[in-house]
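**Q** The structure's right below; bear with me while I get my questions together.
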Amino acid sequence: MNTPAPDLRLQNAREWLRGYPPGTLEAAEDFFLDRGATALDRLVDGVLMHFLPPRPERPPFAQIDPTAHLVRDLGLDSIAMVELTYLLDVVVGLKFSDDELRGIVTLGDLHRAVQQKRASR
Amino acid sequence: MPPRVVVTGLGFITPIGNDRAAVAASLSELRHGLSPVAWFPDCSIKVAGTIRDFSLTDLNQAGWTWPAAYSLPRETLRGLSPHGVYAFCAVEQALRESGLTSAQLGDGNTGLFCASAGSPRYLCHHMAELPASRGARINPWGVVRTIAGTLNFNLSAHYGIRGAVAGFSSACAASGQALGYARDEIALGRHRRMIVVGAEEPTWESLLPFVGLRALSRQADPILASRPFDAQRDGFVGSGGAVAVVLESEECARARGAPLLAEFAGWGQSADGYSVAQSEPNGLGIETAMRQALRSSGAEAAEIDYVNAHATSTPVGDRAEARALLRVFGPDGPPVSSTKALTGHPLSMSAVLEAALCTVAIQESFIPGQAHLGEVEPEFTQLRLPRQTVAQELHTVLSNSSGFGGSNVALVLRAIR
């Protein structure tokens with residue numbers, strides 16, 4: 001697969017990540033420029049935070065355990081899961097099959113799946 | 001005796017105002033809501049009915065703004081196109097006026113009927129991803145944001161409505177049928193209340209296709225562009241926005257102390273069976289719809305105090321309707337006006353807009369004048385077309401709508417006695 005140059009990818013990310021939590025776009029930039037191993041996880045967290053519906057009882061995102069169930073505990077619905085993976089596709093080019101998507105149940109699963117997908121590219 | 005059906009709430013996001021008070025003032029003072037548009041250099045559309053206080057043209061929802069009074073959660077916004085945002089705001093107004101709670105909306109006795117052409121602008125945007133990605137990628141919201149049922153999908157989910165939910169796609173008659181069938185749901189005892197919504201987007205993607213049919217006015221001056229029944233009229237002016245109406249059984253509305261704004265007394269419908277896009281020249285279809293509406297409401301033609309005509313300012317359509325009006329009501333018929341001179345023609349939402357305007361006119365006791373009327377076409381001189389608003393108590397009014405394929409709808413509203 002031909003990967004566009006970092007500046008074109010960043011330009012694309014700027015458009016797609018408008019209105020996302022602070023730090024999300026910077027994480028994308030760090031990822032494109034290969035700055036720091038945590039960039040992709042921070043990007044995923046920013047995207048996820050954007051998609052989570054407001055729930056007063058939910059702890060701050062940084063305190064959420066990796067075992068938290070994305071649907072049951074965090075309130076993500078199935079369409080938001082599809083939307084999240086669509087966003088990861090258009091911003092960082094990571095594509096998930098239906099089977100792979102079904103295997104993503106917890107926050108930890110999501111991070112693992114994204115890292116594995118990157119490593120396999 | 002079937003339940004009487006009453007109007008208990010109205011909501012407006014329209015070119016002539018974004019709430020009932022603003023709309024009533026524009027309507028009685030004959031202030032139009034048409035503005036110059038410059039979508040492209042030398043664009044063939046020079047004027048349209050546009051919506052103020054909303055900015056929804058950005059292809060990314062992050063760039064959208066709407067009045068702060070409306071709290072629109074992201075879980076709802078994500079499935080909406082711009083006219084869905086207008087519709088949400090109009091429904092919020094109507095529910096507030098009607099005094100309905102979310103528990104009542106989810107009681108299984110409340111339904112929702114909508115009319116919309118979908119969102120051509122966002123349909124084009126989302127569909128463009130398909131060839132670009134060879135079919136591998138499309139925004140998951142691409143379908144529900146854009147197709148004609150988008151209003152009913154989104155609003156029913158947001159409000160937790162569990163009664164009948166459906167969309168109507170009969171073009172410019174669509175929200176008239178939505179109203180009529182919603183009335184029947186209550187009159188047949190199937191539902192206690194129905195919410196009816198019409199919404200459209202006044203964008204070049206929605207309106208320029210009508211240039212291909214030569215249906216739009218080429219005028220740049222709003223006053224010359226939308227002039228129903230005028231001898232020099234040359235086409236309609238497109239517009240959009242959203243209107244919501246709450247219909248309820250009178251018994252249910254009285255029991256909860258809801259405002260009784262008007263009775264929705266009856267309706268009729270027909271088809272021309274003539275042309276896919278052009279009115280049957282003698283208005284035989286709209287005549288049938290009007291006669292059915294009178295019969296359905298138990299009203300004599302002589303009881304009608306005002307007719308809100310469909311007349312969009314096209315040469316053929318206005319003439320067909322005028323001929324039908326003269327046959328149904330005779331030369332001494334009621335005052336007639338087309339409020340599209342002020343609002344433009346908002347396509348599928350026009351019937352619900354005009355039913356809501358008639359309700360306002362009944363409530364505030366006036367007949368909206370026929371704005372922008374210069375020289376009346378000679379054949380119409382027997383129509384009573386008041387050039388100014390007339391202060392008058394209204395008991396019974398009739399409102400017409402017609403759409404592609406010759407679908408015709410006539411609605412009869414009465415003052416609450």
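**Q** Amide H to amide H, which residues 5 or more places from B:GLY238 or on other chains are under 5 Å from it, using H placed in the peptide plane?
**A** Long-range HN contacts for B:GLY238: B:GLY49, B:HIS345.
**Q** Also: If we count every other residue with Cβ under 10 angstrom of A:PRO54's Cβ, Lys/Arg +1 and Asp/Glu -1, where does the sum land?
**A** Its environment carries a net charge of +2.
**Q** Moving on. Output wanted: per-residue J couplings in Hz (rounded whole) for segment B:360-367, from phi through Karplus 6.51 cos²θ - 1.76 cosθ + 1.60, θ = phi - 60°, x for Gly and Pro.
**A** The phi angles translate into 4, 5, 5, 4, 9, 6, 8, 9 Hz.
**Q** Counting each DSSP H run of 4 or more residues in the protein assembly as shown as -39500 (n - 2.57), what helix-only mean residue ellipticity at 222 nm follows after dividing by all residues, to the nearest 500 deg cm²/dmol?
**A** -11000 deg cm²/dmol
**Q** Over every pair of different alpha-carbon atoms in segment A:6-120, take the mean of 1/r and invert it; report that Kirkwood radius in Å.
**A** When all Cα pairs of segment A:6-120 are included, the Kirkwood radius is 14.4 Å.
**Q** Also, quick follow-up: What does the net charge come to around B:ASN154 if you take all other residues with beta carbon closer than 12 Å to its beta carbon, with K and R at +1 and D and E at -1?
**A** +1
**Q** Along segment B:372-379, what does the Karplus equation 6.51 cos²θ - 1.76 cosθ + 1.60 (θ = phi - 60°) give for ³J(HN,Hα), rounded to whole Hz, x for Gly and Pro?
**A** So the Karplus estimates, Gly and Pro as x, are 6, 8, x, 9, 6, 4, x, 5 Hz.
**Q** Okay, next question. May I ask for the distance between the Cα centers of segment A:23-90 and segment B:1-77, given as a whole number of Å?
**A** So the separation of the two Cα centres works out to 35 Å.
**Q** Got a sec? Charge dipole of the protein assembly as shown, +1 on Cβ for Lys and Arg, -1 for Asp and Glu; which of B:GLN388, B:ALA410, A:GLY75 is way out at the positive end?
**A** Value computed over the given set: A:GLY75.
**Q** Give the separation of the Cα centroids, segment B:330-354 to segment B:241-263, in Å.
**A** Computed from Cα coordinates, the inter-centre distance equals 22 Å.
**Q** Taking H as built 1.01 Å from N, whose amide H comes closer than 5 Å to the amide H of B:HIS310, not counting residues under 5 places away?
**A** Correct list: B:ASN400.
**Q** Normalise the Cα radius of gyration of segment B:5-414 by 2.2 N^0.38 Å (N = residues in it) and let me know the number.
**A** Taking N as the residue count of segment B:5-414, the ratio is 0.92.
**Q** So what's the net charge close to B:ARG78: Lys and Arg +1, Asp and Glu -1, counting the other residues with Cβ under 15 Å from its Cβ?
**A** -1
**Q** In terms of Cα to Cα distance under 17 Å, which lysines are near enough to B:LYS340, apart from those fewer than 8 places away along the same chain?
**A** B:LYS46
**Q** Quick one: helix A:6-16 against the long Cα principal axis of chain A, what's the angle to the nearest 10°, folded into 0 to 90?
**A** 40
**Q** State the percent of C-alpha pairs, over all pairs in segment B:174-293, separated by a distance greater than 19 angstrom.
**A** Here the long-distance tail beyond 19 Å is 64 percent of all Cα pairs in segment B:174-293.
**Q** For segment B:320-336, in order, what is each residue's ³J(HN,Hα) by Karplus, 6.51 cos²θ - 1.76 cosθ + 1.60 with θ = phi - 60°, in whole Hz (x at glycine and Pro)?
**A** 4, 5, 4, 4, 5, 4, 5, 6, 6, 10, x, x, 9, x, x, x, 10
**Q** What residues qualify as long-range amide H neighbours of B:VAL376, i.e. H under 5 Å apart, gap of 5 or more or another chain, H built at 1.01 Å from N?
**A** B:ALA231
**Q** Specify the longest stretch of chain B that does not include any exposed loop site, a site being one of the GluC sites (Glu not before Pro) with a non-H, G, I, E, B DSSP assignment and at most 16 other Cβ atoms within 10 Å.
**A** With GluC sites (Glu not before Pro) excluded where exposed in loops, chain B gives B:1-299 as its longest stretch.
Throughout, read-outs are computed from the coordinates displayed, never taken from laboratory work. The structure displayed is predicted, hence computed values, not measured ones. Note that each Cβ is placed from the backbone with ideal geometry, even for glycine, and that neighbours are counted across all protein chains shown.
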